Amino acid sequence: MKSAANLSEIRIRFIHQFLFRGGGSIHEMLDYVNTKCHDAEIRTIKKRRLDEHLSDLRKGNFTRAETTHQPDANGDLFPTNFDKEKYTYKKGFPSPSFGDLDEEERISLPFLLGILNPYANIPSVARILEDIKQRFELDQLEINSAKAVVVHKPSIANEKKVVELAIKILEHIKRQECIEFDYLRVDSLNTMSESKVRQVVPLQIRLYENMYYLTAATMEDPIKLANYRIDKIERLKVDVICSLDTDQVVHFDYKVQKRKFNLSKRFENSLGIWLHDETDPLETVKIRFWGWAASYVKSLPLHHSQNISDIDLLTNSLVAEIKIQLEPRIIGKETAMARSKELAFLLGRFNGFYELLE
């Protein structure tokens, strides 16, 4: 529940909004403030209380941004003018700054809430959502309008626990601690299949196609970079690795590992989270798309390297070129699709509306 002081400040802001938009009669001001109070689900007021709040606004008796200008002869920092039964801010004096967003910026807040809402199961996002509502004192109409922003994000099984584990792994990364876990085969539906112990140097958490992945360096030979789907970690549990000699947690140097595996650019020539050997060749793949698929790819590039090399209005098609790493050729006529699981995964959604040009 908001305190009396907080309620006063909210109403003073409503009066400021009324005056800032051009003002009006005292009755129009009261109607405006009470409408805003109703929307914000706080108690409405009568004219006597409105006069008190208007006086506090003039004197600067509220939490506001710092101001360096001097008050007028009546001691008002933000004097108002009353002319022809209309209240306005007095010309020649700045209006108060609450350190808030302007009207255009404020309109974007419900949009931001709508974008973040699907991720509210992440504790920090839930906190940010609540902080936005309180910090900018959004009324119920503004909060409700966020529901008009619909984000389609399929939820994975046990998503809350998967996210909790991802956050825990981030803590291990922050403390630069090596971890171990039992890992189930990604290509098996059998939840009773035998798991394998993995000891790794955790480096990144990646979100791709609504799945959470841990990018880590293996600790056994051959030492390499690998991805682990977090939902395939058995019992969704990881432990720190301790030295057998000292019983101390085994640490790593994040900067050294990041530089060693070229993390900042390692996924640059891949699609999504797919990992390639750095020696895999970088090749140009040409794909022709038709109809809705062509329009989709033109608006949402398949890869940052995408280049539209041809548009044919007669066939309503285009050719997109992307430069990605592919597995080395084994047979001379082997297609790019056969050499790239991620390309097959990506293009499957366009079935019947694309052609791979070799």
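The values are calculated or read from the model by the stated rules, or taken from the named source; none is laboratory data. Source: prediction; values computed, not measured. In this analysis, Cβ positions are derived from the backbone assuming ideal geometry, glycine residues included, and neighbour counts consider all displayed protein chains. Note: accessible area is taken over every heavy atom of the protein model, side chains too, but ligands, DNA and RNA are not part of it. Shrake-Rupley method; radii C 1.70, N 1.55, O 1.52, S 1.80 Å.
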Share of carbon and sulfur in the accessible heavy-atom surface of segment 15-92 [1.4 Å probe, %]: 46 percent
Distribution of pairwise C-alpha distances over segment 17-60, 10 Å bins, in %: 26, 60, 13
Cα-based Rg of segment 157-233 normalised by 2.2 N^0.38 Å, two decimals: 1.07
Accessible area per residue in Å² at 1.4 Å probe, computed on the chain: 61 Å²
Label-point gap, in nm, between Asp182 and Lys265 - each point 7 angstrom along Cα→Cβ: 4.2 nm
Rounded to the nearest 10 Å², the accessible area of Leu300 at probe 1.4 Å: 90 Å²
Distance between segment 142-201 and segment 24-79 - C-alpha centres, whole angstrom: 50 Å
Prolate/oblate/rounded label for segment 1-96 (Cα gyration tensor, a/c 1.5): oblate
Under 13 Å, Cβ to Cβ, from Ser25 - net charge with Lys/Arg +1 and Asp/Glu -1: -1
Which of Thr284, Thr218 is most accessible, then next, and so on - probe 1.4 Å: Thr284, Thr218
Accessible heavy-atom area order of Glu342, Glu41, highest first, probe of 1.4 Å: Glu41, Glu342
Calculated FRET efficiency for the pair His251/Leu300, C-beta based, R₀ 56 Å, to 0.05: 0.85
Correct choice for Rg/Rh (Cα atoms, Kirkwood Rh) that was computed from the model, options (1) 0.94; (2) 1.14; (3) 0.98: (2)
Most to least accessible of His304, His69, His251 (protein chains only, probe 1.4 Å): His304, His251, His69
Per-selection Rg to Rh, segment 27-184 - Cα, Kirkwood hydrodynamic radius: 1.17
Estimated [θ] at 222 nm from DSSP helical runs (n ≥ 4, -39500 (n - 2.57)) normalised by residues in the chain, nearest 500: -10000 deg cm²/dmol
Calculated P(r) tail over 16 Å for segment 300-351, as whole % of Cα pairs: 54 percent
Added length on full extension, which subtracts the Cα-Cα distance from 0.36 nm per residue, Arg349 to Ala148: 69.6 nm
Cβ-based charge dipole, the chain, positive-most Cα from His303, Phe252, Val125: Val125
Segment 219-358, accessible surface, carbon-and-sulfur percent (1.4 angstrom probe): 53 percent
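In the structure shown, do any of Lys160/Lys224; Lys153/Lys232; Lys47/Lys147; Lys147/Lys265 have a Cα-Cα gap over 26 Å, and if so which?
In this structure, Lys160/Lys224; Lys47/Lys147; Lys147/Lys265 lie more than 26 Å apart at Cα.
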